[in-house]
Amino acid sequence: MLKGKTVLLGVTGSIAAYKIANLASMLSKLNADIHVLMTKNATNFINPVTFETLTGNKCIVDTFDRNFQFHVAHISLAKKADVVLIAPASANVIAKMANGIADDMLTTTVLACKCKKIVSPAMNTNMYHNEIVQHNIQKLKQYGFEVIKPDNGILACKDVGDGKMPSEKVLVDYILKEIAYQKDLLGKKVIITAGPTQESIDPVRYITNHSTGKMGYELARACMLRGAEVTLVSGVTSLQKPPFVTVVDVKSAGDMFEAMKERFLQNDIIIKAAAVADYRVKEISAQKMKKGAEESLTLELVKNPDILRGLCEYRNSFLQERGQGEGLIIGPTIVGFCAESENLLENAKEKITKKGCDYLVANDISRKDIGFGSDDNEVVILDKNGGMKRLEKSTKTVIARKILEYINE
Ligand code: PMT
């Protein structure tokens, strides 16, 4: 994912420095070229050899260290870097960077870098909330640094409060947002539905399905990494919310339809990966239904709105109205999904016409190794003009990326 990208990690004197070993290892697995710069204080917490072993690159501490390949290292590294992350960033280094002080390898290199600079403060909570530190953080933001808000929790000094460096996974997400993939969706807005709907029967029970949200969440993440502004309308799932994505939580098909109606026209791309219940219970019981003497119970179901079809109809009538006298107007691209347990292609071809969407991504949900709940999927993408693309079985991460590549073409 990060092949050919250079990441500079600036490590300063904070107990959280040990976590950067894991961060370097995670980035190395993504094939990034990683260079670690440490302050002298940081070497009290973790040995540079750890980083050299993990990255295969010399870890530089001393500005006048001659034992490596670059002649003027701070300039070479600064030119080479695609992104710099200073983590953990102590109050001291934040103050130096905010005031243009360059008195060691880390601060000198940061000053010479033109790429995006990300800072993850980590310190005692009183230090973090000190006006001087806050003022320096504001200054960094004004200079274009991205500052990651520290977590709240028990700190190394046993104080409780803000000041904890976020997990390595969060730090990786900040780096990926900046440099992973081409930013071919920059400036675009995408809205995605994911997960199951829940249709209440009474305050205790509901009708739902096996969707876990994985496919939709991977699509949201892939769109975000390509630079899009993403809204995820999510049914109830146990998944972690994807970073840098606005999440709108919904339960029923009715809630999902309302959430989509309010927002969908402001978007360039709409993807409907949610598994929506076609029917709901006609009358939701206000009280928990009691078990009666009867051996059977009949629930009367009524049809839910077809959200995908409804959105396509809205879009088309909106475009027709706006189109009169206004020349060419391009509306949002609408991508539906199609879950079938038999005759996948035949049913998908019928569905794309019935729903009126631009693309339909069909998957076979009778298979245990793909579709519902699995980390993998295998799909056929149909387009409204009769085009078709088969994506071989792969992780939902890869399938999401390939779906976007196809519709972006
Ligand atoms: O969430 P996962 O566990 O990762 O599983 C992924 C998935 C199998 C749920 C996903 O890949 C998928 O197939 N999603 C669509 C499921 C579905 O409802 O398919 P459908 O063929 O019944 O509906 C076709 C399309 O109409 C879908 O885009 C659906 O969101 C939409 N629809 C359906 C009914 C309805 N009342 N309103 C709708 O908008």
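The values are calculated or read from the model by the stated rules, or taken from the named source; none is laboratory data. None of the values given here were measured: they were computed from a predicted structure. Reconstructed Cβ throughout: ideal geometry from the backbone, glycine too, with neighbour counts over all protein chains shown. To get the accessible areas, we keep the full protein, side chains included, count just its heavy atoms, and leave off ligands, DNA and RNA. Shrake-Rupley method; radii C 1.70, N 1.55, O 1.52, S 1.80 Å.
Listed values, structure above:
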| read-out | value |
| --- | --- |
| All helices (runs of 4 or more DSSP H) inside the stretch 70-131 with 2 or more residues being within 16 Å of M38 (Cα to Cα) | 73-80, 91-98, 105-112 |
| Residue that is most open to solvent (accessible area, probe 1.4 Å), among those in the stretch 1-57 that are of a type in the set (S, T, Y) and without any contact (Cβ under 8 Å) to a residue 60 or more places away in the chain | Y18 |
| Residue count, the stretch 232-249 (criterion: crowded, with 24+ Cβ neighbours inside 10 Å and over 21 Å from K169 (Cβ atoms)) | 2 |
| Conditions (1) within 16 Å of the ligand (Cβ to nearest atom); (2) modelled with pLDDT of 95 or more; (3) polar (S, T, N, Q); (4) out of contact with any helix residue (DSSP H, G or I) (no Cβ under 6 Å at 6 or more places or on another chain): number failed by N304 | (4) |
| Matching residues in the stretch 250-261 - criterion: being open to solvent by 30 Å² or more (accessible area, probe 1.4 Å) and touching a helix residue (DSSP H, G or I) at 6+ places or on another chain (Cβ under 9 Å) | K261 |
| Count - residues of the stretch 94-148 that are under 15 Å from S14 (Cβ atoms), touching a residue at least 24 places away in the same chain (Cβ under 8 Å) and basic (K, R) | 0 |
| Close pairs from the stretch 331-353: first open to solvent by 40 Å² or more (accessible area, probe 1.4 Å), partner within 10 Å of the ligand (Cβ to nearest atom) and basic (K, R), Cβ under 7 Å, at least 6 apart | none |
| Residue that is nearest to the ligand (Cβ to nearest atom) [pool: residues in the stretch 182-217 that are open to solvent by less than 20 Å² (accessible area, probe 1.4 Å) and of a type in the set (D, E, K, R)] | E199 |
| Which listed residue is open to solvent by 30 Å² or more (accessible area, probe 1.4 Å), within 11 Å of the ligand (Cβ to nearest atom) and aromatic (F, W, Y), from Y406, Y359 | Y359 |
